[in-house]
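So the structure is just underneath, and the comments pick up after that.
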Amino acid sequence: MKIGAYVINLDRSIERWRSLIAQTAQFGMQFVRVVGIDGAAIPAQQRTDIDERAFLRQNGRLMLDGEYGCYRSHLKALSTFLESDDDAAIIIEDDVEVPPELIERAEAILAAVPEAELVKLLNHRSRWFRLRATSRLGDRIGRCLHGPQGSAACYLVTRTGAEKLLRNIRVMSYPLDIALERGWQNGVNVFTVKDNIARLSPTTSKMTEIGTRADYRKRKFRGPRRAITHLMRALEYTRRIRYAL
């Protein structure tokens with residue numbers, strides 16, 4: 001199986017690209033650079049494929065410029081992958097530190113769970129993990145009853161998985177990290193590793209391109225406006241548990 005590695009990198013983030021290339025030069029890994037889309041540079045009236053009402057209802061806040069750019073950048077990376085002859089791809093954001101055995105571990109994961117179409121390799125949390133299989137290199141693969149797990153910074157995806165994502169999540173109604181995990185809606189056979197294979201860089205990840213906690217708080221609805229959001233999250237939690245089981 002041929003697995004490619006695709007890195008999303010904004011034109012202005014030159015140092016991030018240099019840092020990532022410097023890491024991988026030590027172990028000879030080849031990266032394909034995908035030029036990221038800067039959401040802040042696209043006026044709201046020119047943005048496409050957004051279900052704004054659904055986003056407000058489901059997330060209980062206004063969308064960040066960086067979230068839009070992140071979403072479109074990942075769909076671009078998936079399209080770039082499908083234009084290649086790779087059998088699978090690892091999609092990476094440029095604030096990630098990758099281990100030298102990344103490709104080998106990805107191969108072992110797909111061998112252990114051949115039905116997988118997307119495997120998250122980095123998460124913020126992996127609570128209530130249910131094991132499906134352990135790869136020959138020791139990575140535990142399964143699903144989590146609790147979520148969202150957070151982060152779309154590094155994940156493994158097959159051609160069928162990428163095709164389904166481009167078809168079923170083209171219109172944005174959730175942030176990208178949540179949209180990826182919703183296998184019950186997007187039709188993708190989604191799994192995760194119990195322990196992160198990659199990790200966020202302690203330096204570059206602090207300089208977020210999407211938004212700070214303060215940015216999220218400013219856009220968050222208060223009081224009765226969030227009632228429908230709480231209800232929808234409860235329904236999503238039920239669906240997540242059913243999917244994980």
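Computed values, structure above
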read-out	value
Test for ARG12: is it more than 20 Å from the chain's Cα centre (by Cα) and assigned to a helix (DSSP H, G or I)	no
Matching residues, segment 11-31, being over 22 Å from GLU104 (Cβ atoms) and in contact with a helix residue (DSSP H, G or I) (Cβ under 8 Å, 6 or more places away or on another chain)	GLU15, ARG16, SER19
Residue match in segment 26-40 (condition: among the hydrophobic types (A, V, I, L, M, F, W, C), modelled with pLDDT under 95 and assigned to a helix (DSSP H, G or I))	yes
Selection within segment 136-160 - hydroxyl-bearing (Ser, Thr, Tyr) and surrounded by fewer than 20 Cβ atoms within 10 Å (Cβ to Cβ)	THR160
Matching residues, segment 2-28, being basic (Lys, Arg) and touching a residue at least 40 places away in the same chain (Cβ under 8 Å)	LYS2, ARG16
Exclusive hit being touching a Gly at 6+ places or on another chain (Cβ under 7 Å), under 24 Å from ASN189 (Cα atoms) and at pLDDT 95 or above, set ALA116, ALA89, ALA112, ALA77	ALA89
Filter pass, ARG125 being touching a helix residue (DSSP H, G or I) at 6+ places or on another chain (Cβ under 8 Å) and of a type in the set (Lys, Arg)	no
Breaking point among (1) at pLDDT 85 or above; (2) among the acidic types (Asp, Glu); (3) more than 18 Å from the chain's Cα centre (by Cα), for GLU181	(3)
Residue under evaluation ILE91, criteria (1) surrounded by 21 or more Cβ atoms within 10 Å (Cβ to Cβ); (2) farther than 30 Å from ILE14 by Cβ; (3) in contact with a His (Cβ under 8 Å, 6 or more places away or on another chain), criterion not met	(2)
Residue among THR229, THR238, THR160, THR192 that is among the hydroxyl-bearing types (Ser, Thr, Tyr) and within 22 Å of PHE31 (Cα to Cα)	THR160
Subset of segment 146-172 (residues that are in contact with a Lys or Arg (Cβ under 8 Å, 6 or more places away or on another chain) and polar (S, T, N, Q))	GLN149, SER151
Strands (runs of 3 or more DSSP E) fully within segment 78-151 counting 1 or more residues that are over 25 Å from VAL34 (Cα atoms) and either free of Cβ contacts under 8 Å to residues at least 40 places away in the same chain or touching a Pro at 6+ places or on another chain (Cβ under 9 Å) (or both)	129-134
Members of segment 152-172 found to be aliphatic (A, V, I, L, M) and either touching a His at 6+ places or on another chain (Cβ under 9 Å) or part of a strand (DSSP E or B) (or both), listed by number	ALA152, LEU156, VAL157, LEU165, MET172
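The values are calculated or read from the model by the stated rules, or taken from the named source; none is laboratory data. The model shown is predicted, which means the values in this text are computed figures rather than measured ones. Please note: Cβ atoms are built from the backbone with ideal geometry, for glycine as well, and neighbour counts cover all protein chains shown.
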